[in-house]
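A.B. asks: First the structure, which I've put down as structure tokens, then a few questions once you've had a look.
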Amino acid sequence: MSFRVPDTSDPPSTPDGQRKSFMPSTTPAGPPPTNFTQQSFTPAGAPPSSVFGSTMSGVTSTFAKPSFAPSGLLNNARVEMPSQNTPFSNLRKTANGKSGRDAGTFGVPESSSPHYGAEGGNGAQYSEEEDDRMSVDKDDGPSYQQSAQSSPKRDAFRSSRAASRTDSPRGLKRSRHGLVMSSSLRSSKGAKKREPRESVLPGIAKGIATSMRSPGLQESDNLVLQTERLLSDFDVALRADDAADIEERATEAAQQLIKTWDTHVQKGTAIGSIGPARDVDDISKANYLATLLLQLHHPSPVTPQLGTSRSFYGRSGALTHYSEQTIPLPKALLDWLNTYHNPFPEDLVGLMTFKPDPAAHESFWDTCYNTQLRGNFSVVLRLLKNANFEHADSALDDGLDQPGYFGRQLNATNDAVNRFIKLLESCPAITDNDWDVKGPNWSIFRNKVRQGIADLEAFATSAGTLTEDEKLGFGFVSTASFGASKRADNVLPKSIRENLRILHRLLLGSSAELTLTVQDWLEASVLQAIWWDGEDEDASQDSLATSRRLLRRSQHTRQADVSPLTAYRQKLALKFADVADDPEDAVFSVNTNDPVQVALACVLEDHVEGAVGIIHKYSVLVAAAVVDIASAGGWLPEARLRSAGIMDGFDQEDLMVLSHGQDNQSGLQRDDVLVEYADLLAGKDELRSTDHKTVKEGWELACNVLNRLDSAQTASQKIDKLLMRLPLDSQSRVDKILGLCNALDLGNQVRAVSERYADMLADTTHSYGTALLYYARAHNAKKLKNVVDLLVSMCLVQSASYPPSAALDPQLKQLVENQRRVLTDLAHVDVEAAQLISTHLSGYATIRKFYDLRDEEVNLADGAKPTLRPLARKREAANALLVVIGSAADGIRGGLFDSEVDTVVQVDGLLALLGEALPLLNQPKKIFSPEQVFALLRAVEDLQTVTRRVYQQAETLFKSAMGSYSGSPATSPHDLLKKSISGLTGSSYSLVGESMLARSHSGGSALGSEGSGVLVDGDVKRGWDWRAGVAALQLGRKLLGEDVLSILRVELAREAARAWGG
């Protein structure tokens, strides 16, 4: 019996014999009758019941269970919505064409359209197999449910299942709420060449980023501190290592960042959608995007989140020993997918706990597809090894009245499944933990898979067909139409063969099967790139081109072997374009209203700027870390090379010339992100780790960030501006600032802060030693010399050590009493500063030594003894005095003033110093040696013959000393110091002298204290005072400097004569 071909129809054509199972096709004589077309299945009359059985009184099979479903249920069925309270009520349409649950699904009303279930323009075309499936659903045969109880709705359910299977072969996607979406499935387009096109995503991403508000710095202190520590260490490593190590350093830093962020974020996936769960914080969204971006450029392991919903998707023990330094990109992407993108986390758990057996679940094979695609081969093996196909739900697809296979079909099914298990166990990922999918081991394995497909087809053919008795035993006589019994003829069920073939094809990375089994455009794009074999796009699989490609492999070098990361990113971008450009299914469309999806699409297109722009709006911290890694790794667009000072040798004009002709950079710039991040950090008073072991001020971290800017000029300006806002209220705080600047190699900032603090000390305190130290740190020799000269001049005016030992500030006391230790410690930090202090402070220290030796005996405590005998002490004091005099006279050798000679004691104090020598002359026992006597004579001669201006400056200080002895008021050294460091006056010696003389002429009071600006000279105890002798010689008139020099020449002549006379 056959269908008659209408006269007006086209000539019959043979359908495609190579089409996939369950794919819609057109029969030679047009569409066959179905349950829904009201056409007769037997145009020539009803068949005898003795041949096919009666639908009214079916013969009960040996293996069949009695049916309690009432007859005629299909005709009276009502459409029922699936329950929303059961865990599998809304499962997606599976890859083998099934949808819904065993109960509570859609029934088909009697008035259904003749073309129901054939959407997409193929409503009038049916395959024989579809017709057969529909006819089977009409009988009242045995039913099967999870609870082993009969259901009065079984026929309606099976009729609904049959209708759904005619819609499409498999792979219907689910919405975010788990509901089955449109049945117009995306058909496999295969590999295709795409014309170059300009993506619209960058513009969309820029618009979204512009409209989003900056989140500020919402991250925890602990996360900020940990991230900044990693980035600072990374920056130090970059400055120290060669360019060849940059890639390795960047990969290490990316791994550490991902591990650090992992403990501070939420990793839940939005159910049935793309992106993090809706209730996660912004840092989790930024981490979601940044981790994928970092993985694509610096693959590193990601530990999948474990838990009730993820336990079966986590990596098994066999897959956890991969080296972190050599992990291939496919494995890194699989880890990311299993951690961050699992839109239906309950599927696998529900399947594993399904009763009576997981194979009885309608999503068994779809779960196997998804699990295998995600690289969880151990879970797939567990599912297949433990599956009991006596309860297999796929038996319904093969026309059986109830789930499960029996007899020869069960044996054939187990044999075919075991063959695939053995094949999968030989996968390099399982045997050698090798995830280099494009490598030679996987190439060999793919050949095994291709052979496995051929063996599967051969096995399906050689297994034979069922006998009439076996078919009777399975209950087909009582219920099945002619087409249904024809489908059950093969011993190896067609659904098993089809599902195993799909598993084989997925191992080959077949785009056709993969795009029909994934849930969304993200999975479709990423998984196609993961299972790519590394070959060119135009070489299709299972074709003659494959063999030719294998032969040519030894004759050319693939890009995937030379630069695998670049090749994978290009492949990923191409596959994303294939999936998302002009999609036929809504699940393959990017939701441009969702910033996460837009940024994710930018990541897949390798549009770093667009992705970072949106990440930046979620977390400035994460964005700063990403641009740091990207800049060093060379994958940040328009980024400058971060080599050690390569641009430092160019001034502003040079940089302007070099940048001439370049387009203005209008996109997101690395320096802009870091500057914003630094500003947010600077606004934090303090950041403290959870264990309270690490405490950082906000400005510290801000300086670290600014120091990493590409533009050295911008970095210097920003850091200067930041440090200028900091109050320098204590030495410890200043030392902390200087320590950070030294660690960051910010020499200019060290000098600026040191000078500002020293100026503040000079303006508000009497801490001369501290001021000297920080002027040295500022490398300001002029101000340092001014302070020293002031101290020396005050000593000469008072003919005593100034400040007195009891009034020394701690820093000056250490510089005077333990100078070697202080300078050694300072040299460890700043060698130049130590040299400046050592040079300029030596004169002051020596003159203090002279006065301390002179006054030692009179200042001893009761019962104490001097360290030296009187004569030895005088000679030691004379030696110190001669050193200072020699230094002061160096600038006027031969009576000629040489301003280029840098002396520790200026010539302005020479006349007063020569006066200090008078008491040591004409002593009973000689104090000066002949050489020292002639040195004094030379100094006297040079001073008397020098220019008048120089001599007058020396005489001014001499007069100030004499005035101080006579009780003339003196200006406070603190006031003199402020004038000295202002740079508006001459030398400190002349400043002191002129100030003393001015106050003497004005008749100022000699009473008071230093704090009030007046020095009290009468409280100082001296061993001797040269001014007393000079004052005693003043017979009615004040002696001038020339008089003192004349007296000195006479005394020196006598000393010389004594030396010659023996």
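The values are calculated or read from the model by the stated rules, or taken from the named source; none is laboratory data. Treat the numbers as computed from the prediction; the structure is a model and nothing was measured. Glycine also receives a Cβ, built like all others from the backbone with ideal geometry; neighbour counts cover every protein chain displayed. Remember, those area values only see protein heavy atoms, side chains included, never the ligands or the DNA or RNA. Shrake-Rupley method; radii C 1.70, N 1.55, O 1.52, S 1.80 Å.
A.B. asks: Just wondering, is there one or more residues in the stretch 865-877 that are part of a loop (DSSP other than H, G, I, E, B) and small (Gly, Ala, Ser)?
C.D. replies: Within the stretch 865-877 (the criterion being part of a loop (DSSP other than H, G, I, E, B) and small (Gly, Ala, Ser)), the answer is no, since none of the residues qualifies.
A.B. asks: Listed residues 307, 404; which is among the small types (Gly, Ala, Ser), surrounded by fewer than 21 Cβ atoms within 10 Å (Cβ to Cβ) and either part of a loop (DSSP other than H, G, I, E, B) or at pLDDT 85 or above (or both)?
C.D. replies: 307
A.B. asks: Does residue 802 meet the test of being open to solvent by less than 10 Å² (accessible area, probe 1.4 Å) and not in a helix (DSSP H, G or I)?
C.D. replies: yes
A.B. asks: A further question follows. Kindly provide the set of residues from the stretch 199-224 that are within 17 Å of residue 704 (Cβ to Cβ), part of a helix (DSSP H, G or I) and open to solvent by less than 40 Å² (accessible area, probe 1.4 Å), ordered by number.
C.D. replies: Within the stretch 199-224, 222, 223, 224 meet the criteria.
A.B. asks: Consider residue 625 carefully, then state whether it is at pLDDT 95 or above and either in a helix (DSSP H, G or I) or under 17 Å from the mean Cα position of the chain (by Cα) (or both).
C.D. replies: Here the answer is yes, as residue 625 does meet what is asked.
A.B. asks: Which residue out of 853, 910 is under 23 Å from residue 1021 (Cα atoms) and at pLDDT below 95?
C.D. replies: After applying the criteria, what remains is 853.
Results for (1) within 18 Å of residue 1039 (Cα to Cα); (2) part of a helix (DSSP H, G or I), shown as yes or no for each residue.
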position	(1), (2)
909	yes, yes
917	yes, yes
923	no, no
935	no, yes
941	no, yes
950	no, yes
954	yes, yes
957	yes, yes
962	yes, yes
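A.B. asks: Any chance the stretch 718-731 includes a residue that's modelled with pLDDT of 90 or more and farther than 30 Å from residue 770 by Cα?
C.D. replies: No, the stretch 718-731 contains no residue that is modelled with pLDDT of 90 or more and farther than 30 Å from residue 770 by Cα.
A.B. asks: Still on this structure, please answer the following. Scanning the stretch 348-360 for residues that are open to solvent by 10 Å² or more (accessible area, probe 1.4 Å) and out of contact with any His (no Cβ under 8 Å at 6 or more places or on another chain), which turns out modelled with the highest pLDDT?
C.D. replies: 358
A.B. asks: For the structure I just gave you, tell me whether residue 882 is touching a residue at least 12 places away in the same chain (Cβ under 8 Å) and open to solvent by 70 Å² or more (accessible area, probe 1.4 Å).
C.D. replies: Here the answer is no, as residue 882 does not meet what is asked.
A.B. asks: Can you tell me which residue in the stretch 887-904 is surrounded by the most Cβ atoms within 10 Å (Cβ to Cβ), limited to those that are within 16 Å of residue 844 (Cβ to Cβ) and at pLDDT 90 or above?
C.D. replies: 888
A.B. asks: Can you name the helices (runs of 4 or more DSSP H) wholly within the stretch 421-518 that have at least 3 residues being surrounded by fewer than 23 Cβ atoms within 10 Å (Cβ to Cβ), aliphatic (A, V, I, L, M) and modelled with pLDDT of 90 or more?
C.D. replies: The qualifying helices (runs of 4 or more DSSP H) are 440-462.
A.B. asks: List every residue pair whose Cβ atoms lie under 8 Å apart, where the two residues are 6 or more positions apart in sequence or sit on different chains, the first residue falls within the stretch 558-570 and is at pLDDT below 90, and the second residue, located anywhere, is β-branched (Val, Ile, Thr) and assigned to a helix (DSSP H, G or I).
C.D. replies: Matching pairs, first to second residue: 559/566.
A.B. asks: For the stretch 334-378, which positions are without any contact (Cβ under 8 Å) to a residue 24 or more places away in the chain and part of a helix (DSSP H, G or I)?
C.D. replies: Matches in the stretch 334-378: 367 only.
A.B. asks: Given the condition at pLDDT 90 or above, closer than 29 Å to residue 674 by Cα and either open to solvent by less than 20 Å² (accessible area, probe 1.4 Å) or touching a strand residue (DSSP E or B) at 6+ places or on another chain (Cβ under 9 Å) (or both), answer yes or no: does some residue in the stretch 765-773 qualify?
C.D. replies: No, the stretch 765-773 contains no residue that is at pLDDT 90 or above, closer than 29 Å to residue 674 by Cα and either open to solvent by less than 20 Å² (accessible area, probe 1.4 Å) or touching a strand residue (DSSP E or B) at 6+ places or on another chain (Cβ under 9 Å) (or both).
A.B. asks: Conditions first: (1) touching a Phe, Trp or Tyr at 6+ places or on another chain (Cβ under 7 Å); (2) modelled with pLDDT under 85. Residue 181 passes all but one, so which condition is the exception?
C.D. replies: Unmet condition: (1).
A.B. asks: Test of understanding: among 263, 227, which residue is among the β-branched types (Val, Ile, Thr), within 16 Å of the chain's Cα centre (by Cα) and open to solvent by 50 Å² or more (accessible area, probe 1.4 Å)?
C.D. replies: Step by step, each of 263, 227 is checked, and only 263 is among the β-branched types (Val, Ile, Thr), within 16 Å of the chain's Cα centre (by Cα) and open to solvent by 50 Å² or more (accessible area, probe 1.4 Å).
A.B. asks: Residue check, residue 631 against (1) in contact with an Asp or Glu (Cβ under 8 Å, 6 or more places away or on another chain); (2) modelled with pLDDT under 90; (3) assigned to a helix (DSSP H, G or I), all met but one. Which one?
C.D. replies: (2)
A.B. asks: Looking at (1) surrounded by fewer than 14 Cβ atoms within 10 Å (Cβ to Cβ); (2) within 24 Å of residue 239 (Cβ to Cβ), which one does residue 688 not meet, given that it meets all the others?
C.D. replies: (2)
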